[in-house]
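Colleague: The structure is given below, and queries will be raised subsequently.
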Amino acid sequence: MDANGILQIVVFVALICALTPLIGGYMARVYDGRVTALRWLERPLYRLCGTSADDDQHWTRYTATLLAFTLAGVLLLYALQRVQGLLPLNPAGLGAVAPDLAFNTATSFATNTNWQSYGGETTLSYLSQMAGLTVQNFVSAASGMAVAVALIRGFARRSAKGIGNFTVDLTRSVLYILLPLCILGALALVALGVPQTLAPSADATTLEGAKQTIALGPVASQMMIKHLGTNGGGFFNVNAAHPFENPTALTNLIHMTAIFLIGAGLTNTFGRMVGDVRQGWALFASMGVLFLIGVAVAYGAESAGNPALTAIGADQALGAWQPGGAMEGKEVRFGIAASMLFSVVTTAASCGAVVAMHDSLMPLAGMVPLVNMMLGEVIIGGVGAGLYGMMLFVLLAVFIAGLMVGRTPEYVGKKIESREITLAMIAVLAFPACILGLGSVALLLGSASIQDAGPHGLSELLYAYVSATANNGSAFAGFSANTVLHNTLLGLAMLIGRFAVIVPVLAIAGALAARRPVPVTAGTFPTHSGLFITLLTLVVVIVGGLTFFPVLALGPVAEHLSLASGLLF
Amino acid sequence: MSSSLSTGSPSKGPGLSWITRRVLAEAAVDAVRKLDPRSLIRNPVLFATAVVALVSTILTVRETTHLVVMAQITAWLWFTVLFATFAEAIAEGRGKAQADSLRRARSDGVAQRIPSIDAVQGDSVPAHLLRTGDLVVCTAGDIIPGDGDVVSGIATVDESAITGESAPVIRESGGDRCAVTGGTRVVSDRIIIRITANPGESFLDRMIQMVEGAKRQKTPNEIALTILLSGLTLIFLIVVASLPVFALWSKAELPPVFLAALFVTLIPTTIGGLLSAIGIAGMDRLVGFNVIAKSGRAVEAAGDIDVLLLDKTGTITLGARQAAEFLPVGGVSERDLAEAAFLSSLADETPEGKSVVALARTRFSFPDPSREGMTFLPFSAHTRMSGVSLSGISWGGVMTAVSEIRKGAADAILKSIGERRSLPTALTRELTAAVERVAKAGGTPLVVARDDRPLGVIYLKDIIKPGIRERFATLREMGIKTVMITGDNPLTAAAIAAEAGVDDVLAEATPEKKLELIRDYQQGGRLVAMCGDGSNDAPALAQADVGVAMNTGTQAAREAGNMVDLDSDPTKLIEIVMIGKQLLMSRGSLTTFSIANDVAKYFAIIPALFITAYPQLQALNIMGLSSPQSAVLSAIIFNALIIIALIPLALRGVRYRPANAATLLKRNLLVYGLGGLIVPFAGLKAIDMIITALGLA
């Protein structure tokens, strides 16, 4: 670790802290219907969908609309991939995508996972990328934001029947939040050197005289939405490590900020909408603590270098001529600090874009992304998903804390009863069921896809299933996911990981909205205090830790301890 | 046991002295009986443990190599289940003993049934054949055959069988003291009772069911907690069931019994095993305070109370007012006023009357006069006055003239005088000023007149119970608002409220106003507790979230409330709230403890399971347990023993000192969270050293 690296991290954290109340306040205004600039566009859209801005939906209708919308998206995307060979905007002449891969990709983008079992530039036509993936990049992100807002309304409303209107929330998320930010960000990226063109690949002649094909495309626009919407599906196979996706340290900072922007802002939106901004900051603080711990562990582990290389005499010390530490798998343009920061950001926030190969990280540094996702993507998390995921843990923390002070638990004025606890437990169960359940089936039947032996191999498979369940989409590499078995199982994991959480969350929103608020007294324990932040953080860590400690012990922990004693596999 | 306002924490209430060798022996038998799957299934955590123990038994029987360790693990798995059922059985033991003594009170005798109130002749029927609406006659020495209302007569009744209070109480027809309870004994006189409960539904029956826990239903928070614990159990089931696959990749051999042990130590058996014991013990603590809750839900709701409606008289002030001062008017000397007040109160047996006599004696050392020539006029609700007619009595050696003395409420006295003569305006004004002065100070003014001439005012002062101010301050800190309910006028009420330190006051209260107040608070999302005894309290008692009916009250009130206080002590509301809170806190704290324990267990078992595959994982064995076998065995033994160790805590409830929520949370997190994290590390190491020394693993 060096001062420069730490400074980079501090700048990023300060930027997020400063932007959170700004974007959070703006989003609160958008979802309360107080931003009206595009009403002329909204109204005909709602009429087309047979609804209107003041058609308040019961949670069951809200959920049904969301599920129908997502299903339609999956089917369309699947169809598009299957017939892309017959459609225009296909300069490379790519053929139909195989059924299992098309299913996997369709669910992947519709669930805001953006797991890619394929190489983007060699599998999908421009049309599939733009009309298929990019559209889903917007609407899957907007769906997540809608669910989060519906849940916030559950807390904020009093004795209400409805939790908002999905179509309206979705439309406003896209029109007022995602699109404007994307346009602004994309222009900035273009200015900083990211290509944005519909021209086919460029041919170049290298110094040796060889001919090289350089893939181009509408990169800048997809960059912005892949980060803002925590999608993560890159334009190029190597994702944000590609110099056209991420040319400079400044674009790198823009990428990372975009990943956290909406997720962090939603905590503030929550605080504002329930009428107590401190509640939002408490969630933000708890997420922040977990994030900083992750950064410290990952950065520390990489900076320490690889003992196996030290053993054969390699110099990994920090010096005037080298950054020190384990540089394998990192972009030299970004170095260890920025690479690790990006790795933690992208896995904390369910984005999945990468600038460094996670497969090449030191065992402990590689464990941080794993743990970030295993905790349920609640450290800022996917847009919307982070907030509603964190709310599940808030409910559990509040329940236990409430009992400990001798009262029926309550949170921001709503009593938490057995219905909410049941629903929260169902949602929490989705993670171990998919990661450990589907993961163990995959290991039994599909271990051939694993590249390395020993604990690292286990991490490779585990990472894929964790990434899919958590709707993250980042890949560890070293795992050939493009098989019928894994495409199918991973697709299932993405679906369950998304909707086994969303449906209970919306049910919770409905139950809470109908409830009458309880006044705050000295008997109510404060949920904005340091004590509660600590408790919440501990609940997240303990639930995640207890669930995944055994398998982590067999994976990264065993690898780390073996490496330390000089044992390689 | 009686309770007073100075009684501190409810945990000081019933201790654990009732746990005798006999209770323990019976509980041990019951613990085995409770292994019945039909009763185990009510507790998912325990049920899962029992299933695992069964599977492990089968595996052990078929095992040949690691038999010694496996047999021990299996045995401890069974002990885990047994210790949990034992905890529940012990908690029930106390209720059983109480139920037995109550059953003895239940009358199986013969009742004298009569066809109508005026009937002279009746027929003898067995008590268990009496139905609602039957009329029965009870005379001195009879056991009252069932719950009912006195419709005729007055009698003293010994209710010690139910309340434990040996002094007999008066029960009479009409008014608020007409309710009698089956199983109590008439000590004197004769009453006619209309039966109000069918056999099996009487108060006594319900009490027996209550203390036995026969009709125990899970309370809302208990259900929520059970769901949370079941969810955790499912998570750990997935963790443990998938582990062999991941271990296979790592070429680690996992003995199934080790996996069984891992599963049982991870699932929250500690809280799962003690959950029902905590609930039963909470109810018992109430019973120990002589309060019968009709449901566990009511006890739980008590912990959530935000507003306490407290009757002024008897709760905030001592039941009786005390004469504090004589305020003469119109140039009368204080001595003359005191003399008139003294003479008119001689026959007054009420505490107020006695206090007037006492005050006059202290001030002027009046001798006790002979009662000859005195005709006392008892207080009548019609005239709202009492008094005495003197016809030349000897008074301290002096013969006094014939005269009439009256005392009573100012308006009543003035009205009575006004019928015969008109008073000078100055005198009326002076009298009114004195009356108002007393009222403003929170007192009750009594005007004394002699021969139609007002002498002055007796200042009857409400005596605030000692220590009540501090109690209210504590409640405020707990976030509970206190509202004083009184029939006094707003002026008097406000003065007393200020002195007692209540947060709000409802003056000139009527049953309707009370009901409306409760609804208002509930509309605002608050939970309200109150107590009451009269029939007109019934609607409010039913509306309140926690309604405590006084046992001396009417049948209607006892039906409407969800708790009955056998001591009829309204101050107990405060204890009831604390018991409710303590119940929830015990559950929450032990849940935290139970989950925190898992961390240490992982550090014992995970290295033990995987050490063959990755010897480097020895680094995780931070406790330095001697072998994989002893590590697993230590974990399962600790897991079982901790249940036994925590039974006293579950029965007594966690220590509760009133404080605000943040303070409570901090303390309980520190004790049960941090404690739960650290204790097992020490415990596991100790057990490991013992079993290694004994050569058990």
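The values are calculated or read from the model by the stated rules, or taken from the named source; none is laboratory data. Note that the structure is a prediction, hence the values are computed from the model and not measured. Cβ coordinates were reconstructed from backbone atoms using ideal geometry, including for glycine residues, and neighbour counts include every protein chain displayed. Calculation scope for accessible area: heavy atoms of the full protein, side chains included, ligands and nucleic acids excluded. Shrake-Rupley method; radii C 1.70, N 1.55, O 1.52, S 1.80 Å.
Colleague: Take segment A:433-453 and flag every residue that is within 8 Å of chain B (Cβ to nearest Cβ) and either closer than 26 Å to B:Gln616 by Cβ or outside any helix (DSSP H, G or I) (or both).
Modeller: Answer for segment A:433-453, where residues must be within 8 Å of chain B (Cβ to nearest Cβ) and either closer than 26 Å to B:Gln616 by Cβ or outside any helix (DSSP H, G or I) (or both): A:Leu436, A:Gly439, A:Ser440, A:Leu443, A:Leu444, A:Ser447.
Colleague: While we're here: Residues of segment A:209-266 being among the polar types (S, T, N, Q), surrounded by fewer than 24 Cβ atoms within 10 Å (Cβ to Cβ) and under 30 Å from A:Asp32 (Cα atoms), which ones?
Modeller: Correct list: A:Ser221, A:Thr257.
Colleague: A further question follows. Cβ-Cβ below 8 Å, separation at least six or inter-chain, first residue in segment B:540-555 and under 16 Å from B:Asn290 (Cα atoms), second of a type in the set (Ser, Thr, Tyr): which pairs?
Modeller: As it stands, the answer is B:Met550/B:Ser568; B:Asn551/B:Thr163; B:Asn551/B:Thr181; B:Asn551/B:Ser568; B:Thr552/B:Ser568; B:Gly553/B:Ser568, since those pairs meet every condition given.
Colleague: Is one or more of the residues making up segment A:272-282 at positive phi and either buried (at least 21 other Cβ atoms within 10 Å of the Cβ) or not in a helix (DSSP H, G or I) (or both)?
Modeller: So far as segment A:272-282 goes, yes, one or more of its residues are at positive phi and either buried (at least 21 other Cβ atoms within 10 Å of the Cβ) or not in a helix (DSSP H, G or I) (or both).
Colleague: While we're here: Would you check which residues across segment B:596-620 are closer than 17 Å to A:Glu559 by Cα and of a type outside the set (Gly, Ala, Ser) and list them?
Modeller: Result: B:Ile606, B:Pro607, B:Leu609, B:Phe610, B:Ile611, B:Thr612, B:Tyr614, B:Pro615, B:Gln616, B:Leu617, B:Gln618, B:Leu620.
Colleague: Could you tell me whether B:Val457 is more than 14 Å from chain A (Cβ to nearest Cβ), closer than 30 Å to A:Pro517 by Cα and modelled with pLDDT of 85 or more?
Modeller: So B:Val457 fails the test.
Colleague: Same structure, new question: Return the residues of segment A:437-452 that are closer than 18 Å to B:Leu243 by Cβ, of a type outside the set (Val, Ile, Thr) and surrounded by 15 or more Cβ atoms within 10 Å (Cβ to Cβ); say none if nothing qualifies.
Modeller: Matches in segment A:437-452: A:Gly437, A:Leu438, A:Gly439, A:Ser440, A:Ala442, A:Leu443.
Colleague: When you check B:Ile611 against the structure, is it within 14 Å of chain A (Cβ to nearest Cβ) and β-branched (Val, Ile, Thr), yes or no?
Modeller: yes
Colleague: Test B:Lys481 against the criterion of being touching a residue at least 60 places away in the same chain (Cβ under 8 Å), open to solvent by 30 Å² or more (accessible area, probe 1.4 Å), in contact with a Gly (Cβ under 9 Å, 6 or more places away or on another chain) and not acidic (Asp, Glu), and give yes or no.
Modeller: The answer is no for B:Lys481.
Colleague: Also, I was wondering about something else. How do the pairs read when you match residues in segment B:336-358 that are within 14 Å of B:Phe326 (Cα to Cα) and among the aromatic types (Phe, Trp, Tyr) with residues anywhere that are open to solvent by 10 Å² or more (accessible area, probe 1.4 Å) and assigned to a helix (DSSP H, G or I), using Cβ under 7 Å and keeping only pairs 6 or more apart or on different chains?
Modeller: B:Phe342/B:Val357
Colleague: Another question, if that's okay. Given (1) in contact with a Leu (Cβ under 6 Å, 6 or more places away or on another chain); (2) at pLDDT 90 or above; (3) open to solvent by 10 Å² or more (accessible area, probe 1.4 Å), identify the lone condition not met by B:Glu516.
Modeller: Going through (1) in contact with a Leu (Cβ under 6 Å, 6 or more places away or on another chain); (2) at pLDDT 90 or above; (3) open to solvent by 10 Å² or more (accessible area, probe 1.4 Å) one by one, B:Glu516 breaks only (1).
Colleague: So if I check each of A:Leu41, A:Leu48, A:Leu15, which one is under 22 Å from the mean Cα position of the chain (by Cα) and on the phi < 0 side of the Ramachandran plot?
Modeller: The conditions single out A:Leu15.
Colleague: Which residues, taken from segment B:520-537, are without any contact (Cβ under 8 Å) to a residue 60 or more places away in the chain, open to solvent by 60 Å² or more (accessible area, probe 1.4 Å) and within 13 Å of chain A (Cβ to nearest Cβ)?
Modeller: Selection gives B:Asp520, B:Gln523.
Colleague: Related question: Out of segment B:246-271, which residues are in a loop (DSSP other than H, G, I, E, B) and either at the interface with chain A (Cβ under 8 Å from one of its Cβ atoms) or buried (at least 23 other Cβ atoms within 10 Å of the Cβ) (or both)?
Modeller: Answer for segment B:246-271, where residues must be in a loop (DSSP other than H, G, I, E, B) and either at the interface with chain A (Cβ under 8 Å from one of its Cβ atoms) or buried (at least 23 other Cβ atoms within 10 Å of the Cβ) (or both): B:Ser250, B:Ala252, B:Ile267, B:Pro268.
Colleague: Let me ask something else. Give just the number: which of (1) open to solvent by less than 70 Å² (accessible area, probe 1.4 Å); (2) part of a loop (DSSP other than H, G, I, E, B); (3) not hydroxyl-bearing (Ser, Thr, Tyr) does A:Arg34 not satisfy?
Modeller: (1)
Colleague: Do any helices (runs of 4 or more DSSP H) lying entirely in segment B:1-91 carry at least 1 residues that are within 28 Å of the chain's Cα centre (by Cα) and modelled with pLDDT under 85, and which ones are they?
Modeller: B:21-33
Colleague: Restricting to segment B:216-236, and then to whatever is more than 9 Å from chain A (Cβ to nearest Cβ) and surrounded by fewer than 20 Cβ atoms within 10 Å (Cβ to Cβ), can you tell me which residue is modelled with the highest pLDDT?
Modeller: Result: B:Lys218.
Colleague: Answer yes or no: is there a residue in segment A:410-420 that is open to solvent by 10 Å² or more (accessible area, probe 1.4 Å), at pLDDT 95 or above and more than 9 Å from chain B (Cβ to nearest Cβ).
Modeller: no
Colleague: If you don't mind, there's one more thing I want to ask. For the structure I just gave you, tell me whether A:Ser480 is away from every other protein chain (no Cβ under 14 Å) and under 30 Å from A:Ala326 (Cβ atoms).
Modeller: Against the criterion (away from every other protein chain (no Cβ under 14 Å) and under 30 Å from A:Ala326 (Cβ atoms)), A:Ser480 qualifies.
Colleague: Going through A:Val466, A:Val412 one at a time, which residue ends up being over 24 Å from A:Leu506 (Cβ atoms), in contact (Cβ under 8 Å) with a residue 60 or more places away in the chain and touching a helix residue (DSSP H, G or I) at 6+ places or on another chain (Cβ under 8 Å)?
Modeller: A:Val466
Colleague: Another question, then. Looking for whichever is open to solvent by 30 Å² or more (accessible area, probe 1.4 Å), of a type in the set (Lys, Arg) and touching a helix residue (DSSP H, G or I) at 6+ places or on another chain (Cβ under 8 Å) here; the options are A:Arg157, A:Arg172. Which one fits?
Modeller: Exactly one residue qualifies, and that residue is A:Arg157.
Colleague: Looking at segment A:545-565, is at least one residue at the interface with chain B (Cβ under 10 Å from one of its Cβ atoms), polar (S, T, N, Q) and not in a helix (DSSP H, G or I)?
Modeller: Yes: one or more hits.
Colleague: Yes or no: A:Thr167 outside any helix (DSSP H, G or I) and among the hydroxyl-bearing types (Ser, Thr, Tyr)?
Modeller: No; evaluated as a whole, the condition is false for this residue.
Colleague: Another one. Could we say that A:Pro88 is within 24 Å of A:Gly497 (Cα to Cα) and surrounded by fewer than 21 Cβ atoms within 10 Å (Cβ to Cβ) here?
Modeller: When the stated conditions are applied, A:Pro88 does not pass them.
Colleague: Right, next: Out of (1) of a type in the set (A, V, I, L, M); (2) within 12 Å of another protein chain (Cβ to nearest Cβ); (3) under 30 Å from B:Asn290 (Cβ atoms), what's the single condition that is false for B:Val599?
Modeller: (3)
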